[in-house]
Amino acid sequence: MNTNRQSKTNEKITALYCRLSRDDELQGDSNSILNQKAILQKYADDNGFTNTQCFVDDGYSGTTFDRPAWNRLSAMIDEGLIGTIIVKDMSRLGRDYLQVGMYTEMVFPNADIRFIAINNGVDSINGTENDMTPFINIFNEFYAKDTSRKIRAVFKSKGQSGKPLCTNPPYGYIKDPEDKNHWIVDEEAANVVREIFHLCVSGYGPQQIAREMMRRGYLNPTAYARAHGRTTPDNRTVGDDYTWQNSTISHILTRMEYLGHTVNFKTYRKSYKNKKQLKNDPSQWQIFENTHEAIIDRETFDIVQRIRDGRRRVTPMGEMPILSGMVFCADCGKKLYQVRGRNLPQKEYMVCSTYRKIKGGCSSHQIRNEVLERLLLDGIQAVTAYAREHEADFVELITQKSQTELDKSLRDGKREMEQAQARIRKLDDIIQRLYEDNLEGKVSDERFARMTANYEEEQKGLESRVAELKKLLAAEKDRSVNVDHFLTLVRKYTDVQELTAEIVREFVEKVYVHQAERIDGQKVQRIRIVWNCIGEFTPPTVTNTEKSA
(Lines give C-alpha, C1' and ligand atoms only; values in the text may rest on other atoms or scores of the structure.)
Protein backbone atom coordinates (compact mmCIF):
# COMPACT_ATOMS: atom_id res chain seq x y z
CA MET A 1 0.00 0.00 0.00
CA ASN A 2 2.84 2.42 0.93
CA THR A 3 4.64 1.53 -2.32
CA ASN A 4 1.60 2.45 -4.43
CA ARG A 5 1.20 5.75 -2.61
CA GLN A 6 4.90 6.62 -3.13
CA SER A 7 4.60 5.69 -6.82
CA LYS A 8 1.56 7.93 -7.25
CA THR A 9 3.33 10.81 -5.52
CA ASN A 10 6.40 10.44 -7.72
CA GLU A 11 4.27 10.89 -10.80
CA LYS A 12 3.48 14.38 -9.57
CA ILE A 13 5.85 17.34 -9.50
CA THR A 14 8.25 17.86 -6.61
CA ALA A 15 8.31 21.64 -6.24
CA LEU A 16 11.57 23.14 -5.00
CA TYR A 17 10.55 26.61 -3.79
CA CYS A 18 13.12 29.38 -3.30
CA ARG A 19 12.51 32.94 -2.09
CA LEU A 20 14.86 35.84 -1.41
CA SER A 21 13.85 39.32 -0.25
CA ARG A 22 16.01 42.44 -0.31
CA ASP A 23 16.31 42.24 3.49
CA ASP A 24 17.53 38.63 3.24
CA GLU A 25 20.32 39.76 0.91
CA LEU A 26 21.82 41.71 3.80
CA GLN A 27 22.37 38.47 5.71
CA GLY A 28 25.02 37.24 3.25
CA ASP A 29 25.15 34.31 0.83
CA SER A 30 23.48 31.68 3.04
CA ASN A 31 20.04 32.58 1.72
CA SER A 32 21.08 33.32 -1.86
CA ILE A 33 18.93 31.80 -4.60
CA LEU A 34 21.94 29.83 -5.86
CA ASN A 35 22.56 28.41 -2.39
CA GLN A 36 18.87 27.51 -1.88
CA LYS A 37 18.66 25.76 -5.26
CA ALA A 38 21.75 23.68 -4.50
CA ILE A 39 20.46 22.63 -1.06
CA LEU A 40 16.99 21.73 -2.34
CA GLN A 41 18.23 19.77 -5.35
CA LYS A 42 20.74 17.79 -3.26
CA TYR A 43 18.05 16.97 -0.69
CA ALA A 44 15.67 15.81 -3.45
CA ASP A 45 18.35 13.66 -5.10
CA ASP A 46 19.51 12.14 -1.79
CA ASN A 47 15.95 11.25 -0.76
CA GLY A 48 14.68 9.86 -4.03
CA PHE A 49 12.39 12.71 -5.10
CA THR A 50 12.07 12.86 -8.86
CA ASN A 51 10.30 15.06 -11.41
CA THR A 52 11.61 18.16 -9.65
CA GLN A 53 10.75 21.67 -10.76
CA CYS A 54 12.22 24.88 -9.33
CA PHE A 55 10.07 27.92 -8.45
CA VAL A 56 11.97 31.12 -7.67
CA ASP A 57 10.73 34.45 -6.23
CA ASP A 58 13.79 36.71 -6.15
CA GLY A 59 13.28 40.06 -4.44
CA TYR A 60 9.92 39.36 -2.79
CA SER A 61 9.07 39.85 0.88
CA GLY A 62 7.87 36.92 2.96
CA THR A 63 5.12 39.10 4.47
CA THR A 64 3.05 38.78 1.30
CA PHE A 65 2.04 35.74 -0.74
CA ASP A 66 1.37 37.76 -3.87
CA ARG A 67 4.55 36.56 -5.63
CA PRO A 68 4.82 35.48 -9.30
CA ALA A 69 6.40 32.05 -8.77
CA TRP A 70 4.21 31.29 -5.76
CA ASN A 71 1.10 32.22 -7.74
CA ARG A 72 2.17 29.79 -10.47
CA LEU A 73 2.78 27.09 -7.89
CA SER A 74 -0.62 27.75 -6.25
CA ALA A 75 -2.36 27.36 -9.60
CA MET A 76 -0.62 24.01 -10.11
CA ILE A 77 -1.69 22.95 -6.59
CA ASP A 78 -5.29 23.69 -7.52
CA GLU A 79 -4.88 21.57 -10.65
CA GLY A 80 -3.58 18.65 -8.55
CA LEU A 81 -0.15 18.60 -10.23
CA ILE A 82 2.00 18.97 -7.10
CA GLY A 83 2.95 16.00 -4.90
CA THR A 84 5.69 17.50 -2.68
CA ILE A 85 6.90 20.98 -1.78
CA ILE A 86 10.40 21.40 -0.39
CA VAL A 87 11.85 24.65 1.04
CA LYS A 88 15.16 25.42 2.73
CA ASP A 89 13.38 26.60 5.91
CA MET A 90 9.93 27.80 6.99
CA SER A 91 10.82 31.47 6.49
CA ARG A 92 11.33 30.82 2.74
CA LEU A 93 7.66 29.85 2.50
CA GLY A 94 6.67 33.09 4.25
CA ARG A 95 6.82 35.26 7.35
CA ASP A 96 3.08 35.69 7.91
CA TYR A 97 2.30 32.97 10.45
CA LEU A 98 -1.45 33.00 9.73
CA GLN A 99 -0.95 32.54 6.00
CA VAL A 100 1.83 29.98 6.43
CA GLY A 101 -0.34 28.09 8.95
CA MET A 102 -3.25 28.08 6.51
CA TYR A 103 -1.10 26.44 3.85
CA THR A 104 0.67 23.92 6.09
CA GLU A 105 -2.40 22.98 8.17
CA MET A 106 -5.16 23.17 5.56
CA VAL A 107 -4.20 23.69 1.91
CA PHE A 108 -1.34 21.16 1.68
CA PRO A 109 -3.06 18.33 3.64
CA ASN A 110 -6.31 18.79 1.69
CA ALA A 111 -4.37 18.54 -1.58
CA ASP A 112 -2.43 15.52 -0.25
CA ILE A 113 0.85 17.43 -0.60
CA ARG A 114 3.90 16.48 1.42
CA PHE A 115 5.62 19.59 2.81
CA ILE A 116 9.29 19.62 3.89
CA ALA A 117 11.31 22.46 5.48
CA ILE A 118 14.84 21.05 5.57
CA ASN A 119 16.63 23.20 8.16
CA ASN A 120 13.67 23.17 10.59
CA GLY A 121 13.29 19.39 10.46
CA VAL A 122 9.67 19.76 9.33
CA ASP A 123 8.17 16.93 7.25
CA SER A 124 4.39 16.69 7.12
CA ILE A 125 4.60 12.89 6.80
CA ASN A 126 5.87 12.69 10.39
CA GLY A 127 2.74 14.08 12.10
CA THR A 128 3.41 14.80 15.80
CA GLU A 129 7.07 15.60 15.16
CA ASN A 130 5.90 18.89 13.61
CA ASP A 131 4.32 20.31 16.81
CA MET A 132 6.87 23.15 16.88
CA THR A 133 5.92 24.32 13.36
CA PRO A 134 3.37 26.98 14.53
CA PHE A 135 5.97 28.47 16.88
CA ILE A 136 8.55 28.55 14.08
CA ASN A 137 6.04 30.48 11.97
CA ILE A 138 5.42 32.97 14.79
CA PHE A 139 9.16 33.53 15.26
CA ASN A 140 9.56 34.06 11.50
CA GLU A 141 6.81 36.69 11.51
CA PHE A 142 8.33 38.34 14.59
CA TYR A 143 11.63 38.54 12.68
CA ALA A 144 9.86 40.23 9.74
CA LYS A 145 8.08 42.66 12.09
CA ASP A 146 11.30 43.47 13.95
CA THR A 147 13.20 43.98 10.70
CA SER A 148 10.44 46.28 9.44
CA ARG A 149 10.59 48.29 12.67
CA LYS A 150 14.35 48.74 12.36
CA ILE A 151 14.08 49.73 8.69
CA ARG A 152 11.37 52.28 9.56
CA ALA A 153 13.59 53.74 12.28
CA VAL A 154 16.49 54.11 9.83
CA PHE A 155 14.10 55.50 7.21
CA LYS A 156 12.70 58.05 9.68
CA SER A 157 16.15 59.11 10.84
CA LYS A 158 17.30 59.58 7.25
CA GLY A 159 14.18 61.55 6.35
CA GLN A 160 14.48 63.83 9.37
CA SER A 161 18.09 64.58 8.50
CA GLY A 162 17.02 66.10 5.18
CA LYS A 163 18.25 63.33 2.91
CA PRO A 164 15.81 62.39 0.12
CA LEU A 165 13.84 59.21 0.81
CA CYS A 166 12.76 58.48 -2.76
CA THR A 167 14.80 55.90 -4.67
CA ASN A 168 14.79 57.88 -7.91
CA PRO A 169 15.06 61.67 -8.22
CA PRO A 170 12.16 63.49 -9.93
CA TYR A 171 12.23 63.91 -13.72
CA GLY A 172 14.68 66.75 -14.37
CA TYR A 173 17.26 65.61 -11.80
CA ILE A 174 19.84 62.84 -11.51
CA LYS A 175 21.87 61.60 -8.57
CA ASP A 176 25.21 63.27 -8.02
CA PRO A 177 27.90 60.68 -8.89
CA GLU A 178 29.91 61.86 -5.88
CA ASP A 179 26.98 61.86 -3.42
CA LYS A 180 23.91 59.68 -3.98
CA ASN A 181 21.91 61.77 -1.48
CA HIS A 182 22.41 64.92 -3.57
CA TRP A 183 20.61 65.72 -6.81
CA ILE A 184 22.00 67.64 -9.75
CA VAL A 185 20.08 69.11 -12.66
CA ASP A 186 19.70 67.02 -15.82
CA GLU A 187 19.52 69.94 -18.27
CA GLU A 188 17.82 68.03 -21.09
CA ALA A 189 14.90 66.93 -18.90
CA ALA A 190 14.95 70.18 -16.88
CA ASN A 191 14.28 72.18 -20.03
CA VAL A 192 11.16 70.08 -20.62
CA VAL A 193 10.03 70.73 -17.03
CA ARG A 194 10.54 74.48 -17.51
CA GLU A 195 8.53 74.32 -20.73
CA ILE A 196 5.69 72.48 -18.95
CA PHE A 197 5.51 75.24 -16.32
CA HIS A 198 5.74 77.93 -19.02
CA LEU A 199 2.86 76.37 -20.97
CA CYS A 200 0.75 76.23 -17.80
CA VAL A 201 1.38 79.94 -17.12
CA SER A 202 0.49 80.60 -20.77
CA GLY A 203 -2.94 79.13 -20.19
CA TYR A 204 -2.54 75.48 -21.23
CA GLY A 205 -4.23 72.79 -19.14
CA PRO A 206 -2.63 69.39 -18.33
CA GLN A 207 -4.35 67.69 -21.27
CA GLN A 208 -3.20 70.39 -23.70
CA ILE A 209 0.34 70.28 -22.31
CA ALA A 210 0.43 66.48 -22.64
CA ARG A 211 -0.60 66.78 -26.28
CA GLU A 212 2.09 69.41 -26.85
CA MET A 213 4.75 67.16 -25.31
CA MET A 214 3.70 64.36 -27.68
CA ARG A 215 3.59 66.72 -30.66
CA ARG A 216 7.17 67.78 -29.94
CA GLY A 217 8.30 64.17 -29.64
CA TYR A 218 9.56 64.22 -26.04
CA LEU A 219 10.11 60.87 -24.31
CA ASN A 220 7.89 60.54 -21.24
CA PRO A 221 9.72 60.47 -17.84
CA THR A 222 9.75 56.66 -17.53
CA ALA A 223 11.03 56.12 -21.07
CA TYR A 224 13.56 58.95 -20.66
CA ALA A 225 15.03 57.38 -17.53
CA ARG A 226 15.30 53.94 -19.15
CA ALA A 227 16.83 55.44 -22.31
CA HIS A 228 19.58 56.91 -20.12
CA GLY A 229 20.29 53.64 -18.32
CA ARG A 230 18.41 54.38 -15.10
CA THR A 231 16.10 51.77 -13.59
CA THR A 232 12.70 53.10 -12.60
CA PRO A 233 9.30 51.47 -11.92
CA ASP A 234 7.21 51.22 -15.08
CA ASN A 235 3.55 51.75 -14.21
CA ARG A 236 2.46 52.57 -17.75
CA THR A 237 -0.59 50.66 -18.93
CA VAL A 238 -1.28 52.38 -22.25
CA GLY A 239 0.64 54.16 -24.98
CA ASP A 240 4.28 54.07 -25.97
CA ASP A 241 7.47 55.85 -24.90
CA TYR A 242 6.20 59.14 -26.31
CA THR A 243 2.77 59.04 -24.64
CA TRP A 244 2.30 61.62 -21.90
CA GLN A 245 -0.57 61.23 -19.43
CA ASN A 246 -2.50 64.17 -17.95
CA SER A 247 -1.69 62.84 -14.47
CA THR A 248 2.05 63.00 -15.24
CA ILE A 249 1.77 66.68 -16.16
CA SER A 250 -0.34 67.46 -13.08
CA HIS A 251 2.18 65.68 -10.85
CA ILE A 252 5.11 67.62 -12.31
CA LEU A 253 3.27 70.94 -11.86
CA THR A 254 2.80 70.36 -8.11
CA ARG A 255 6.24 69.02 -7.11
CA MET A 256 8.01 71.32 -4.65
CA GLU A 257 11.26 69.52 -5.45
CA TYR A 258 11.56 71.76 -8.52
CA LEU A 259 12.03 74.71 -6.14
CA GLY A 260 15.21 73.10 -4.88
CA HIS A 261 13.57 71.56 -1.80
CA THR A 262 13.64 68.02 -0.44
CA VAL A 263 10.15 66.85 0.58
CA ASN A 264 10.02 63.77 2.80
CA PHE A 265 7.23 61.65 4.32
CA LYS A 266 4.73 62.25 1.52
CA THR A 267 3.48 58.67 1.87
CA TYR A 268 3.11 55.95 4.49
CA ARG A 269 2.07 52.32 4.85
CA LYS A 270 -0.50 51.05 7.32
CA SER A 271 1.42 47.87 8.09
CA TYR A 272 4.64 46.09 7.18
CA LYS A 273 2.38 43.43 5.62
CA ASN A 274 0.64 45.97 3.38
CA LYS A 275 2.91 47.27 0.62
CA LYS A 276 0.37 49.79 -0.68
CA GLN A 277 1.51 53.39 -0.20
CA LEU A 278 -1.01 55.90 1.14
CA LYS A 279 -0.68 59.67 0.91
CA ASN A 280 0.11 61.72 4.00
CA ASP A 281 -1.61 65.04 4.56
CA PRO A 282 0.73 67.88 3.43
CA SER A 283 0.83 69.08 7.07
CA GLN A 284 2.81 65.91 7.87
CA TRP A 285 5.41 66.47 5.17
CA GLN A 286 8.90 67.56 6.19
CA ILE A 287 10.33 70.12 3.79
CA PHE A 288 14.04 70.95 3.68
CA GLU A 289 14.64 74.04 1.60
CA ASN A 290 17.47 74.71 -0.85
CA THR A 291 19.03 71.25 -0.72
CA HIS A 292 19.72 71.21 -4.47
CA GLU A 293 19.60 73.53 -7.46
CA ALA A 294 16.12 74.80 -8.36
CA ILE A 295 14.67 74.27 -11.83
CA ILE A 296 11.63 76.54 -11.29
CA ASP A 297 11.67 79.91 -9.49
CA ARG A 298 9.31 80.53 -6.58
CA GLU A 299 7.18 83.14 -8.36
CA THR A 300 6.48 80.90 -11.37
CA PHE A 301 5.70 77.96 -9.08
CA ASP A 302 3.25 80.04 -7.02
CA ILE A 303 1.52 81.33 -10.16
CA VAL A 304 1.08 77.76 -11.39
CA GLN A 305 -0.36 76.65 -8.03
CA ARG A 306 -2.88 79.49 -8.17
CA ILE A 307 -3.79 78.44 -11.70
CA ARG A 308 -4.20 74.83 -10.55
CA ASP A 309 -6.36 75.93 -7.58
CA GLY A 310 -8.63 77.93 -9.90
CA ARG A 311 -8.51 75.57 -12.84
CA ARG A 312 -9.62 76.93 -16.17
CA ARG A 313 -12.57 75.08 -17.61
CA VAL A 314 -13.35 74.51 -21.26
CA THR A 315 -16.77 75.92 -22.20
CA PRO A 316 -19.38 73.77 -24.01
CA MET A 317 -18.22 75.53 -27.19
CA GLY A 318 -14.71 74.16 -26.64
CA GLU A 319 -13.24 77.55 -25.69
CA MET A 320 -10.78 78.30 -22.88
CA PRO A 321 -11.54 81.83 -21.58
CA ILE A 322 -8.48 83.88 -20.60
CA LEU A 323 -9.96 84.72 -17.20
CA SER A 324 -11.50 81.34 -16.45
CA GLY A 325 -11.19 80.45 -12.75
CA MET A 326 -9.95 83.94 -11.76
CA VAL A 327 -13.13 86.03 -11.57
CA PHE A 328 -15.19 86.18 -8.37
CA CYS A 329 -18.38 87.82 -7.13
CA ALA A 330 -17.61 90.81 -4.90
CA ASP A 331 -20.68 90.07 -2.75
CA CYS A 332 -20.94 86.28 -2.22
CA GLY A 333 -17.34 85.43 -3.09
CA LYS A 334 -18.23 82.62 -5.51
CA LYS A 335 -16.80 82.28 -9.02
CA LEU A 336 -18.29 83.86 -12.11
CA TYR A 337 -19.04 81.47 -14.96
CA GLN A 338 -18.86 82.29 -18.65
CA VAL A 339 -22.11 82.23 -20.60
CA ARG A 340 -22.76 82.79 -24.30
CA GLY A 341 -25.58 85.19 -25.17
CA ARG A 342 -28.47 83.89 -27.30
CA ASN A 343 -28.97 86.96 -29.46
CA LEU A 344 -26.89 87.52 -32.58
CA PRO A 345 -24.14 88.53 -32.67
CA GLN A 346 -23.52 86.26 -29.70
CA LYS A 347 -21.51 87.86 -26.89
CA GLU A 348 -19.74 86.02 -24.09
CA TYR A 349 -20.40 87.31 -20.60
CA MET A 350 -19.76 86.18 -17.03
CA VAL A 351 -22.36 85.73 -14.32
CA CYS A 352 -22.30 84.83 -10.60
CA SER A 353 -22.52 81.08 -10.02
CA THR A 354 -24.66 81.56 -6.89
CA TYR A 355 -27.18 83.58 -8.93
CA ARG A 356 -27.38 80.74 -11.49
CA LYS A 357 -27.71 77.94 -8.93
CA ILE A 358 -29.76 79.42 -6.07
CA LYS A 359 -32.82 81.53 -6.76
CA GLY A 360 -32.45 84.78 -4.84
CA GLY A 361 -29.04 83.69 -3.52
CA CYS A 362 -27.20 86.63 -5.11
CA SER A 363 -27.59 89.21 -7.88
CA SER A 364 -26.25 88.38 -11.36
CA HIS A 365 -23.10 90.58 -11.39
CA GLN A 366 -23.28 90.09 -15.15
CA ILE A 367 -20.40 91.57 -17.11
CA ARG A 368 -19.40 91.04 -20.74
CA ASN A 369 -16.01 89.42 -21.34
CA GLU A 370 -14.88 92.25 -23.59
CA VAL A 371 -15.73 94.83 -20.91
CA LEU A 372 -13.98 92.89 -18.16
CA GLU A 373 -10.88 92.34 -20.31
CA ARG A 374 -10.78 96.02 -21.26
CA LEU A 375 -11.00 97.09 -17.60
CA LEU A 376 -8.31 94.60 -16.67
CA LEU A 377 -6.03 95.76 -19.49
CA ASP A 378 -6.55 99.38 -18.39
CA GLY A 379 -5.68 98.34 -14.84
CA ILE A 380 -2.50 96.54 -15.89
CA GLN A 381 -1.41 99.45 -18.08
CA ALA A 382 -2.07 101.98 -15.29
CA VAL A 383 -0.27 100.02 -12.57
CA THR A 384 2.76 99.16 -14.73
CA ALA A 385 3.03 102.76 -16.00
CA TYR A 386 2.88 104.16 -12.46
CA ALA A 387 5.40 101.60 -11.15
CA ARG A 388 7.74 102.32 -14.06
CA GLU A 389 7.53 106.13 -13.89
CA HIS A 390 7.31 106.52 -10.08
CA GLU A 391 9.22 103.51 -8.82
CA ALA A 392 10.26 105.00 -5.47
CA ASP A 393 6.72 106.24 -4.69
CA PHE A 394 5.28 102.88 -5.81
CA VAL A 395 7.56 100.93 -3.47
CA GLU A 396 6.79 103.27 -0.57
CA LEU A 397 3.02 103.08 -1.10
CA ILE A 398 3.04 99.28 -1.33
CA THR A 399 5.27 98.96 1.73
CA GLN A 400 3.08 101.31 3.79
CA LYS A 401 -0.11 99.51 2.71
CA SER A 402 1.41 96.15 3.48
CA GLN A 403 2.54 97.28 6.93
CA THR A 404 -0.89 98.77 7.68
CA GLU A 405 -2.63 95.54 6.65
CA LEU A 406 -0.12 93.48 8.60
CA ASP A 407 -0.57 95.60 11.74
CA LYS A 408 -4.37 95.29 11.49
CA SER A 409 -4.19 91.55 10.91
CA LEU A 410 -1.83 91.07 13.86
CA ARG A 411 -3.95 93.33 16.06
CA ASP A 412 -7.21 91.53 15.23
CA GLY A 413 -5.64 88.11 15.58
CA LYS A 414 -4.01 88.97 18.89
CA ARG A 415 -7.31 90.34 20.25
CA GLU A 416 -9.18 87.19 19.26
CA MET A 417 -6.49 84.98 20.79
CA GLU A 418 -6.55 86.91 24.10
CA GLN A 419 -10.35 86.64 24.25
CA ALA A 420 -10.19 82.88 23.59
CA GLN A 421 -7.51 82.39 26.27
CA ALA A 422 -9.56 84.39 28.78
CA ARG A 423 -12.62 82.24 28.04
CA ILE A 424 -10.54 79.06 28.50
CA ARG A 425 -9.47 80.27 31.96
CA LYS A 426 -13.07 81.19 32.79
CA LEU A 427 -14.24 77.71 31.77
CA ASP A 428 -11.61 76.18 34.08
CA ASP A 429 -13.14 78.14 36.99
CA ILE A 430 -16.70 77.15 36.01
CA ILE A 431 -15.80 73.44 35.79
CA GLN A 432 -13.99 73.65 39.16
CA ARG A 433 -17.06 75.22 40.86
CA LEU A 434 -19.34 72.62 39.25
CA TYR A 435 -17.11 69.88 40.62
CA GLU A 436 -17.30 71.33 44.15
CA ASP A 437 -21.09 71.73 43.88
CA ASN A 438 -21.35 68.11 42.75
CA LEU A 439 -19.32 66.93 45.75
CA GLU A 440 -21.61 68.91 48.09
CA GLY A 441 -24.71 67.48 46.44
CA LYS A 442 -25.90 70.79 44.99
CA VAL A 443 -25.59 69.45 41.43
CA SER A 444 -26.63 65.90 40.48
CA ASP A 445 -24.12 63.54 38.87
CA GLU A 446 -26.15 63.45 35.66
CA ARG A 447 -26.36 67.27 35.41
CA PHE A 448 -22.68 67.60 36.33
CA ALA A 449 -21.65 65.15 33.58
CA ARG A 450 -23.82 66.90 30.97
CA MET A 451 -22.65 70.43 31.82
CA THR A 452 -18.98 69.59 32.12
CA ALA A 453 -19.10 67.74 28.78
CA ASN A 454 -20.49 70.89 27.10
CA TYR A 455 -17.93 73.17 28.72
CA GLU A 456 -15.04 70.84 27.94
CA GLU A 457 -16.14 70.61 24.30
CA GLU A 458 -16.21 74.43 24.09
CA GLN A 459 -12.82 74.59 25.76
CA LYS A 460 -11.36 72.08 23.35
CA GLY A 461 -12.61 74.13 20.39
CA LEU A 462 -11.11 77.31 21.84
CA GLU A 463 -7.76 75.66 22.45
CA SER A 464 -7.72 74.47 18.84
CA ARG A 465 -8.50 78.01 17.66
CA VAL A 466 -5.73 79.48 19.85
CA ALA A 467 -3.20 77.06 18.33
CA GLU A 468 -4.42 78.01 14.85
CA LEU A 469 -4.17 81.75 15.65
CA LYS A 470 -0.61 81.35 16.92
CA LYS A 471 0.38 79.76 13.60
CA LEU A 472 -1.42 82.48 11.61
CA LEU A 473 0.24 85.27 13.60
CA ALA A 474 3.67 83.68 13.14
CA ALA A 475 3.03 83.35 9.39
CA GLU A 476 1.87 86.99 9.15
CA LYS A 477 5.06 88.21 10.82
CA ASP A 478 7.13 86.26 8.28
CA ARG A 479 5.09 87.48 5.31
CA SER A 480 6.62 90.18 3.14
CA VAL A 481 5.36 91.78 -0.06
CA ASN A 482 7.53 90.87 -3.03
CA VAL A 483 7.67 94.30 -4.66
CA ASP A 484 10.92 93.40 -6.41
CA HIS A 485 9.29 90.56 -8.36
CA PHE A 486 6.40 92.79 -9.42
CA LEU A 487 8.89 95.40 -10.65
CA THR A 488 10.68 92.64 -12.57
CA LEU A 489 7.39 91.89 -14.34
CA VAL A 490 6.92 95.60 -15.07
CA ARG A 491 10.34 95.70 -16.72
CA LYS A 492 9.63 92.45 -18.59
CA TYR A 493 6.39 93.75 -20.09
CA THR A 494 7.32 97.31 -21.04
CA ASP A 495 4.27 97.95 -23.20
CA VAL A 496 1.23 95.73 -22.65
CA GLN A 497 -1.18 96.34 -25.53
CA GLU A 498 -3.31 93.20 -25.33
CA LEU A 499 -4.16 90.54 -22.80
CA THR A 500 -2.84 87.00 -22.99
CA ALA A 501 -3.35 84.16 -20.51
CA GLU A 502 0.34 84.39 -19.59
CA ILE A 503 0.26 88.13 -18.87
CA VAL A 504 -2.95 87.87 -16.86
CA ARG A 505 -1.64 85.05 -14.68
CA GLU A 506 1.72 86.69 -14.11
CA PHE A 507 0.18 89.96 -12.94
CA VAL A 508 -3.21 89.03 -11.47
CA GLU A 509 -4.23 86.74 -8.62
CA LYS A 510 -7.99 87.41 -8.59
CA VAL A 511 -10.59 89.80 -10.00
CA TYR A 512 -13.73 90.71 -8.03
CA VAL A 513 -16.75 92.02 -9.96
CA HIS A 514 -19.32 94.31 -8.29
CA GLN A 515 -22.98 94.51 -9.24
CA ALA A 516 -23.69 97.22 -11.83
CA GLU A 517 -25.28 100.44 -10.52
CA ARG A 518 -27.08 103.44 -11.98
CA ILE A 519 -25.33 106.72 -11.16
CA ASP A 520 -26.57 109.99 -12.74
CA GLY A 521 -28.42 108.01 -15.37
CA GLN A 522 -25.40 105.96 -16.34
CA LYS A 523 -24.71 102.26 -15.73
CA VAL A 524 -21.49 101.93 -13.75
CA GLN A 525 -19.77 98.66 -12.94
CA ARG A 526 -16.66 98.38 -10.82
CA ILE A 527 -14.06 95.63 -10.59
CA ARG A 528 -11.46 95.08 -7.89
CA ILE A 529 -8.10 93.60 -8.88
CA VAL A 530 -5.87 91.62 -6.52
CA TRP A 531 -2.35 91.66 -7.96
CA ASN A 532 0.23 88.93 -7.54
CA CYS A 533 2.95 89.82 -5.03
CA ILE A 534 1.44 93.16 -3.91
CA GLY A 535 -2.24 92.49 -3.21
CA GLU A 536 -4.82 95.19 -3.97
CA PHE A 537 -3.42 98.46 -5.31
CA THR A 538 -4.89 101.28 -7.38
CA PRO A 539 -2.51 104.01 -8.61
CA PRO A 540 -3.46 107.56 -7.58
CA THR A 541 -6.29 109.02 -9.75
CA VAL A 542 -7.06 105.62 -11.38
CA THR A 543 -10.40 103.79 -10.96
CA ASN A 544 -11.53 100.48 -12.47
CA THR A 545 -15.07 101.26 -13.62
CA GLU A 546 -17.10 100.85 -16.79
CA LYS A 547 -19.69 103.47 -17.69
CA SER A 548 -22.41 103.14 -20.28
CA ALA A 549 -25.60 105.04 -21.08
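The values are calculated or read from the model by the stated rules, or taken from the named source; none is laboratory data. Keep in mind the model is a prediction, meaning the values are calculated, not measured. Neighbour counts run over all protein chains shown; Cβ positions are idealised from the backbone, glycine included.
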Counting only residues that are among the β-branched types (Val, Ile, Thr) and in contact with a Gly (Cβ under 8 Å, 6 or more places away or on another chain), how many does segment 187-211 have? 2
Test result for residue 400, assigned to a helix (DSSP H, G or I), loosely packed, with under 15 Cβ neighbours inside 10 Å and out of contact with any strand residue (DSSP E or B) (no Cβ under 7 Å at 6 or more places or on another chain): yes
Sort out for me the strands (runs of 3 or more DSSP E) sitting completely within segment 422-537 that have 3 or more residues that are in contact (Cβ under 8 Å) with a residue 60 or more places away in the chain. 508-513, 522-531
Being in a loop (DSSP other than H, G, I, E, B), out of contact with any strand residue (DSSP E or B) (no Cβ under 6 Å at 6 or more places or on another chain) and closer than 23 Å to residue 233 by Cβ is the filter here; which residues of segment 161-216 pass it? 166, 167, 168, 170, 171, 172, 177
Selection count, segment 233-254, where residues are surrounded by 16 or more Cβ atoms within 10 Å (Cβ to Cβ) and within 20 Å of residue 167 (Cβ to Cβ): 2
Can you name the number of the only condition in (1) modelled with pLDDT of 85 or more; (2) not assigned by TED's automatic domain parsing to the domain that holds residue 42 that residue 158 fails? (1)
Among the residues of segment 98-126, count how many are assigned to a helix (DSSP H, G or I) and of a type in the set (A, V, I, L, M). 7
So, residue 503, is that one among the aliphatic types (A, V, I, L, M), outside the structural domain of residue 297 (by TED's automatic domain parsing) and farther than 24 Å from residue 364 by Cβ or not? yes
Hits in segment 59-111 - residues which are surrounded by fewer than 17 Cβ atoms within 10 Å (Cβ to Cβ), more than 17 Å from residue 12 (Cβ to Cβ) and of a type in the set (Asp, Glu): 66, 105
Look at residue 65 and say whether it is touching a helix residue (DSSP H, G or I) at 6+ places or on another chain (Cβ under 9 Å), outside any helix (DSSP H, G or I) and closer than 18 Å to residue 44 by Cα. no
Out of 517, 509, 498, which single residue is buried (at least 16 other Cβ atoms within 10 Å of the Cβ), at pLDDT 85 or above and not small (Gly, Ala, Ser)? 509
